[in-house]
1. Starting from residues that are closer than 13 Å to residue 10 by Cα and of a type outside the set (Lys, Arg), keep the ones in the range 51-61 and report whichever is most open to solvent (accessible area, probe 1.4 Å).
2. Which ones in the range 8-36 are without any contact (Cβ under 8 Å) to a residue 24 or more places away in the chain and over 13 Å from the mean Cα position of the chain (by Cα)?
3. Is the range 19-39 home to any residue that is at pLDDT 95 or above and loosely packed, with under 11 Cβ neighbours inside 10 Å?
4. Return the residue satisfying two criteria in turn: it lies in the range 6-18 and is closer than 21 Å to residue 61 by Cα and part of a loop (DSSP other than H, G, I, E, B), and of such residues it is least open to solvent (accessible area, probe 1.4 Å).
5. If I go through the range 20-42 residue by residue, how many of them are over 23 Å from residue 9 (Cβ atoms) and part of a loop (DSSP other than H, G, I, E, B)?
Amino acid sequence: MSRDPRPGEIYLEFRPVGKQVKVTAIDAATGIEVSTFGPASVAQEDLKRIVVRKLQRRIEQEAAAKTIRPDPTLY
């Protein structure tokens, strides 16, 4: 089953690593990916909130970098 990603759609992965959990978030529309670690004892909802906020910040930074930096191939 194939479909186009919707804006704002985020894929999350929770992977245990010892006594920690690695949480990865990927923005479906842009492919931007961020990760964070947290203790396995913390609620998944808290880790989810942190990694989604980190992803939103990265997307904002990428958008700002594109508007500030001119294309170096143009003269």
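1. Once the filter is applied, the top-ranked residue is 56.
2. Passing the criteria: 15, 17, 18, 19, 20.
3. yes
4. 9
5. Residues in the range 20-42 being over 23 Å from residue 9 (Cβ atoms) and part of a loop (DSSP other than H, G, I, E, B): 3 in total.
The values are calculated or read from the model by the stated rules, or taken from the named source; none is laboratory data. The structure displayed is predicted, hence computed values, not measured ones. Positions of Cβ are generated from backbone atoms using ideal geometry, with glycine treated the same way; all protein chains shown enter the neighbour counts. Calculation scope for accessible area: heavy atoms of the full protein, side chains included, ligands and nucleic acids excluded. Shrake-Rupley method; radii C 1.70, N 1.55, O 1.52, S 1.80 Å.
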